[in-house]
Amino acid sequence: MLTKEVRNLKWLGYRVPLPLVNKAHQANQLYPYAVGLLENVRAYEVSNAKIIADHGEDYLVGSMKKDIQNLIVEGTKLTWESYKLEPYVQRCIEAFTRYNENVDEILRLDNLMFTHINELDVCPYEIDMFAESLEQTQKIVDEFCLHDYSNFPKWIGVIDEKIERKLFDRLQAAITLWKQALIRHEKGKARDKKRMRLKKVVLEIRVVNQMLVLVPPFESACEQLYNSFFDCQSVITSQKRIKNSRCHVNAEIDTEEEDLIYNDLFTKFPEESNASIGEAYDTIEQLITEAETYFQGWLKYQVLWDLEPNDVFQRLGTNVQSWFECLKDIKESRKTLDTNEAYKSFGPLIIDFSKIQTKIGVRYDNWHQDLLRKFGQIIQTVANDFHTNIS
C-alpha cells in the first residue's frame, strides 16, 4: 500500500521525503515474502480444517505440525531487516507446502481406506467377504506406512478400534439373526432375505434292542447347535487384525502379532456381549427342552414292546365290556399314526419318525390281531356257557 501511494505521489509531481521512499522501497522488497507467508499460513489453516480428528489423522501430521510451530517460534525472534529473513521464509514455504501436500495425500488414502472399512457394515456375512475388505484396508495401511508418518502405531490403534466397533455390531446383528433362525419353525416362516439359514440337525427315532431311542441323542444335538453358534461367531472373530509392521523392513516383528485376530471382541464390549450370548444359550436350552418334551410323547409307545400278551389277557379277564373298550382304544390310537408327516421340526432341529411310525403301526396291528383272537375265544366260551345254562 505504501509503495503504491509513493508511486502515485511521484506521478503527480510531488516531492516525496527520502525516508518515506526508502521505506516504500524496503516494503516493495519484502512484499513477496510477506504475501508468500500469508498465503501459506492460510493454506495451512485450510488443511488443518480438512483433517478428520475422529480418524486419528492428527496423529499422522503431528511431527510436521511441530516443525511448523518451531518455525513460527523461530520467526518471532527475527525482524524484517534480518539477513536470515530470506532463507527463513524459504524454509517456511517448504514446510507449509510439504504439510499441505501430505494432508491431501492422507485425506485421499483415508477416504479410500474408509470405503473398504464401511463395507464391513453391509457386506454379506461370510468369512471371505470380511477378509477381502480387511485385506484391502491392510494394503492402504501399508501405503500409509511407506510415507513414514509420525505416531503411526497410535493411528493404527484408532483405526483398529473403529474396525472393532463395526465388526462387533455385525456380530451382534448376526447373533440376533441366528437366534431368530433357531426358534423359527417350518410352518408360517416368512421369506426374509436377511434370514440366516442354519444347518439341519436330524435326530431319528429308532428301535434298538426293543427300546425306543433317539439317534443321535439330544446331547449330540445340543453340541451341534452350540457349534453352529460358534461358527456364526467365527465369521468375525477369526478375521486378522490390521498390522502396522508389515512394511517395516527393519522392524522387529513380534511373532504373536502375526497371528492377532479379532477374537477378543466380547471382552472389549462386555455388557452387550453378556446379554446377547446369554440369550443365545437360553434359546438353545429352550429348544432342546421343547424337543425333549415332544420325544417323551413318543416314549408312550414303548409299552407296545414291554407288555406281554398274557399280562393283558389276565388283566382284562372275561369282562366283555373291558375287552370292547380296550379294542376301541387300540383302534383310535392306531389312527393317530395315519399321517403324511414324517418329521417334526424345532427350528433347525428335526426329529424324524418316519421309520418308527411304520414299526409302531405294525406293532399295533399285531396287538390288535392277538386281542381279537383272544376276545373271540372268550366270546365263544361265554356263548357255550350261556347255551349250556339255558339248555
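The values are calculated or read from the model by the stated rules, or taken from the named source; none is laboratory data. What you see is a predicted model, and the numbers here were worked out from it, not measured in a lab. Every residue, glycine as well, gets a Cβ built from its backbone with ideal geometry; the counts of neighbours run over all protein chains shown. What goes into the accessible areas is simple: the full protein's heavy atoms, side chains included, and nothing from ligands, DNA or RNA. Shrake-Rupley method; radii C 1.70, N 1.55, O 1.52, S 1.80 Å.
Give me the pairs: first residue in the stretch 124-142 and under 21 Å from residue 230 (Cβ atoms) and open to solvent by 50 Å² or more (accessible area, probe 1.4 Å), second residue at pLDDT below 95 and not in a helix (DSSP H, G or I), beta-carbon distance under 7 Å, and six or more apart or on different chains, which are they?
These pairs meet every condition: 127/238; 129/123.
How many residues are closer than 15 Å to residue 156 by Cα, open to solvent by 70 Å² or more (accessible area, probe 1.4 Å) and either at pLDDT 90 or above or of a type in the set (Phe, Trp, Tyr) (or both) when one looks only at the stretch 224-274?
Adding up the residues that qualify gives 1.
Give the residues of the stretch 204-223 that are assigned to a helix (DSSP H, G or I) and either buried (at least 19 other Cβ atoms within 10 Å of the Cβ) or of a type in the set (Val, Ile, Thr) (or both), sorted by residue number. I'd like the intermediate steps shown before the answer.
Quick first cut of the stretch 204-223, residues assigned to a helix (DSSP H, G or I) only: 218-223.
Once the filter is applied, which keeps residues that are assigned to a helix (DSSP H, G or I) and either buried (at least 19 other Cβ atoms within 10 Å of the Cβ) or of a type in the set (Val, Ile, Thr) (or both), the stretch 204-223 yields only 221.
I'd like the full set of residues that are under 59 Å from the mean Cα position of the chain (by Cα) and among the charged types (D, E, K, R), limited to the stretch 69-89.
Across the stretch 69-89, the qualifying residues are 74, 77, 86.
May I ask you to say which residue of 300, 335, 328 is modelled with pLDDT under 75, closer than 30 Å to residue 201 by Cα and open to solvent by 70 Å² or more (accessible area, probe 1.4 Å)? Spell out how you get there, then give the answer.
Working: 300 fails: modelled with pLDDT under 75; 328 fails: closer than 30 Å to residue 201 by Cα.
Sole residue among the options that is modelled with pLDDT under 75, closer than 30 Å to residue 201 by Cα and open to solvent by 70 Å² or more (accessible area, probe 1.4 Å): 335.
All but one of (1) crowded, with 16+ Cβ neighbours inside 10 Å; (2) part of a loop (DSSP other than H, G, I, E, B); (3) not aliphatic (A, V, I, L, M) hold for residue 160; state the number of the condition that does not hold.
It fails just one condition, (2).
Can you tell me how many residues in the stretch 356-376 are at pLDDT below 75 and open to solvent by 90 Å² or more (accessible area, probe 1.4 Å)?
Looking only at that region, the number is 2.
Can you tell me which residues in the stretch 338-355 are modelled with pLDDT of 70 or more and farther than 25 Å from residue 199 by Cβ?
The one that is modelled with pLDDT of 70 or more and farther than 25 Å from residue 199 by Cβ: 340.
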